[in-house]
Structures are given as C-alpha cells and as structure tokens.
Amino acid sequence: MRLFILLIFLLSLPFTLNAQILTGKVYNSKTTIENIKVFNDTQNRVTVTNKNGDFTINAAVNDTILFESLFYHPKAVILNESHFEGTAVFELKEILTELDEVEVKAAPEELVFVEETYNIELKNIIQEDIKNHPEKYKPAGATYGPDIFAIIGLVADLLKKKDKYIAPTYQPITYTQMDSLFSKSSFFNTQLITDNLKIPKDKKYLFFDFCEAKQMSSKLLKEENKMQFLEELVVSSQLFLILLEEYGDKSVKKNKD
C-alpha cells in the first residue's frame, strides 16, 4: 500500500513542479491598460487585465502567452524563468488608424464689399441693359430718359442673388439610433459590445440608454467619423462599467447625466 502511494506521489511530482502562477502587468507607451485578453496557448487558459493592467494566470517555463485586444497589435511571448521572478512587464503597441485621404475644402470666403468697385460694376450692368432693352427704362408715354423704378428693380434683383452659407446642425444620438446601428452594422455589432467593450449582454440596452444621456453628436454616425465614434464608445463603456460595478443598475440610470 505504501509503495502504491509513493508511486502516485512520484508520478504527480512533475506536474506539481510545473504548476506556477505568472504575475504580470501590461502597458502601452503611456500607461497601464485594462481589458487586455491574456491567453496561455500552451495550457489553453485565459484571463484579462484589470483596471491597473495587472493579471495572473497558470503557466510554466516555455509556455506561449498571447496578448490580444481590438486596439493593440497582438503579441506572443514564450516564457522563461525570468518571467516568474516577481511581476513580469509586457508592452503592447497601439494600432494607429489610417484614415482614407480626405479632400479638405476651404470654407466659403465671405465677400468683401468694395463700394467703388460695386458702383462701377452696377453702372456698367445698367448701361448694358439700357442699350439692349431701352423700352424697359421709359415711363409710360415718355419718349426719353430711363425709368428710375426699373433701375431700382434691377438693383433689388441683383441683391437677391447673393447666396448665404448655412452650416448643418447635428442632434444628439438617440437610443433608437444606437439600437438600429448595432442591429444592422457589420462593424458596430453585439460582439463588439460584449467581447471588446466588455458590456454584459443583458446590459446592452441599458448601455444604449446611457449613451443617449451622454448627448453624443449624431455627426459621429457619419462613415468618415467611424473611428472617432468608436473611441467615444470605449470611453463611455469604461465609465458605464465603473458605475455598474460600484452602484448597480439604478445608480447607472441616476448618474448617467
């Protein structure tokens, strides 16, 4: 019986020696980063970094550790003994979004009114029109002299042709717009909310309500502003999760403004 117990102990000894805990911290070029997926590809184990960038995971020397995130380049690290000497530090590089080339058009220039030039041009226009249509400038029954009322009418017509530029206005994004976008878009979908923004699936509609209260401009829904909108969602999701964790659903609704 003793020999059997000793044999079991000896067989399990290598597994006991190899069972280690890797303690790590993940940074970008500026600070620690949270919600980074840490995957032990050798042992098929997974965890994520907390708000301070810290994580722990079962691992051993020569295991391959993968770091994955929507906003950072993936990274693979083969562990050695030095990684288990205290807290191992890992740095990820941000994915710099390259937008398509955009043609920037200057805003319409405001016309500068020069009275002298205006008077000369107006005089030339009137003289040319008198030459081509003299009958319009003669009062009824008269055989000479221009009609001053016709001249005034011509000036009024010229002034009406001046165009004015009106800048577009954008309303805040509504709950309905959020729901419609995440139901139809291939990019903004439920997987992005649950896997990348870490919003619990049953809290998705509460998050839409929270975003509506944030009064984000509907200009962000334009295709060319897609990445800017994504950044706004990331910031909003982090605040939402903090409120949800600390205060619960009711306080999220109360504090969302």
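Let me check I've understood the local charge: for residue 73, count other residues with C-beta under 10 angstrom from its C-beta, Lys and Arg +1, Asp and Glu -1. What total comes out?
Computed value for this residue: 0.
Please go through the residue pairs 75/198; 30/203; 25/203; 75/184 and name each one whose alpha carbons sit more than 24 Å apart in this structure.
Pairs exceeding 24 Å: 30/203; 25/203; 75/184.
Extending each Cα 7 Å along its Cβ direction at residue 52 and residue 202, get the distance between those two points in nm, one decimal.
Label-label distance for residue 52 and residue 202, simple model: 3.0 nm.
Separation between the residue 235 and residue 184 pseudo-spin-labels, each 7 Å from Cα along Cα→Cβ, expressed in nm?
Calculated label separation equals 2.7 nm.
Since every read-out is calculated from the coordinates, none of them should be taken as a lab result. These numbers were taken from a predicted model, which means no experiment stands behind them. No Cβ is skipped: glycine too gets one built from the backbone with ideal geometry, and neighbour counts run over all protein chains shown.
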